[in-house]
Amino acid sequence: MFAKSYGATTMGVDGILIDVEIDAGYGMPAFDIVGLPDTAVRESKERVRTAIKNSGLKLQQEKITVNLAPADIRKDSPGLDLPIAVGLLAAHSLFPLSKIEGCLFAAELSLEGECRPVRGVLPMAITAKEKGFHAMFVAPGNANEALLVQGIKVFVVPTLAALVAFLRGETELAPAAPGERPQCPATWTDDFADVQGQFAAKRALEIAAAGGHNVLMVGVPGSGKTMLARRMNSILPAMTSEEALEVTKIYSIAGLLPHDGGLVTERPFRAPHHTTSMTAMIGGGSIPRPGEVTLAHHGVLFLDELPEFGKSTLEVLRQPLEDREILVSRVHASLRFPSSFMLIAAMNPCPCGYAGDESGGHPCECSPSEIKRYTRKISGPLLDRIDIHIRVPRVEYKELASREKAEPSAAIRARVEAAREIQHERLKTYGIFSNAQMNHAMIQQLCPLEPAAQALLQAAFEKMHLSARSYDRIIKVARTIADLAGGGAIGPREIAEAIKLRNDVGLSLE
């Protein structure tokens, strides 16, 4: 007896359909799964067999072979439990094969036959729709996630027994409908109104948010670097529906979706500890999974205490910062993970943290060689990919003691959104959404400089020995500054501010 059902797994950030072929016939009783299954899938034979028994169903003692095709892709999802069980029951003629044609099944089975949610259901549903499937059966915990895809019926099955009863025509099962969620405006407990002083740093972060630029903040301990970074999301524009779907797919695969499994609407903010490994940062594993750079896609990656990260961990950031994607190669596959994020990094100016702050009552105790060794943990190529370098000074007492509230995030965000709208109109034909994503050809075409601005940039380029990448990034930051002012031409004022933001931390890092 032969039957075929359909399941799915994930590969990178996409779903992969799996043909689950079942053959049950004469021979020594056995249950074999072939087709490059990993440990979780190989163990599914015990879960499936016990779940079928505890669901009140009986199977003959036969030789059972399960083939998961295509055989050259490693399968690692326990969500293949349900299609294996369905195919096995169909092979024993418990219901007609026509009942499961065009249907995708994705759920883990408990030993009692309950259906448990699995990660990656959203990309599976997207792929199922693209391949022409008309229905998808999932566990209750994955319903909202699957319902994000229009054009495919979603059936919620709490148990294997309930599914079998439906397929045999004994009960009715209506397609799930998305529940109503209240549309609440995003609120942040962290607001720039709470940041006293630091006007230059807040101006730099506003420019960064408006153009999607990377930022390095250097300052003494307690000057507010982390406080500033954690408020970046409060001034970033809302994600588009396409961006939200991309982020939700990534978080679905990583198993990080909220409890209701709905669409992720807030931009990610990832702040990994400095002990984070290179693999955790960039992604990987025997079956590659998203790393921090991918989890921060369309959001912010905040690296506090930057020189404390391992050198190899920092160096792998160079490709995603430039290409906005990362290629992870393994024996079984080479996968591309999206990684279009804003890097916000913070560090002290020296090991003790007080270099350049002798007037603050904490004289620096580090020797020049110690300072050089500390700052050189950040390589020149990595530093060159960070658009804005700013110094965050100590906050004065009168600023801290002031009762006057600083400008709130809502006001800054309004300017950022206006600048992004200008960029959207300029860049929509190129398929990008911010100035930071422009390449050299786009800069040549879209960012003409006034003669005085060109002369100023030439003088800075020759005096500071800037690289070609620095030249492009200064112009991109200047373009953003002009957009914040209404989208006019790039003049010497914009270029001068962009140059200052490029070299505000001093020469010790260059």
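Before moving on, here are some points about what is shown:
- Here the accessible area of the chain is 54 percent carbon and sulfur, with a 1.4 angstrom probe and all protein chains present.
- Kirkwood-type hydrodynamic radius, segment 302-446: 19.1 Å, calculated from all non-identical alpha-carbon pairs.
- When the alpha carbon coordinates of segment 1-81 are projected onto the principal axes, the ranges are 39, 24, 20 Å, largest first.
- Whole-number D in µm²/s for segment 107-213 (Stokes-Einstein; Kirkwood sum over Cα pairs; 20 °C, 1.002 mPa s): 122
- Per-q log10 I(q)/I(0), segment 255-377, q = 0.09, 0.12, 0.20, 0.22 Å⁻¹ (Debye; single scatterer per alpha-carbon; no solvent): -0.34, -0.56, -1.10, -1.23
- For segment 195-324, the fraction of alpha-carbon pairs lying more than 20 Å apart is 50 percent, rounded to a whole number.
- Members of LYS225/LYS428; LYS202/LYS398; LYS45/LYS249; LYS45/LYS99 lying beyond 25 Å, as alpha-carbon distances in this model show: LYS225/LYS428; LYS45/LYS249
- Fraction of the pair-distance distribution of segment 388-510 above 18 Å, Cα-Cα pairs, percent: 60
- Taking packing as the residue-averaged number of other Cβ atoms within 10 angstrom, the listed peptides 316-326, 51-61, 300-310 run from highest to lowest as 300-310, 316-326, 51-61.
- Size of segment 343-410 as Cα extents on the principal axes (Å, biggest first): 42, 32, 11
- Square roots of 5 times each gyration tensor eigenvalue, C-alpha, the chain, largest first, Å: 53, 23, 21
- Length, then width, then depth: along the principal axes, the Cα atoms of segment 220-289 run 40, 33, 21 Å.
The values are calculated or read from the model by the stated rules, or taken from the named source; none is laboratory data. This structure is a prediction, so every number in the text was calculated from the model and none was measured. As a convention, Cβ positions derive from the backbone with ideal geometry for all residues, glycine included, and neighbour counts pool all protein chains shown. The protein model used for the area step is the full one, side chains on, heavy atoms only, and it has no ligands, DNA or RNA in it. Shrake-Rupley method; radii C 1.70, N 1.55, O 1.52, S 1.80 Å.
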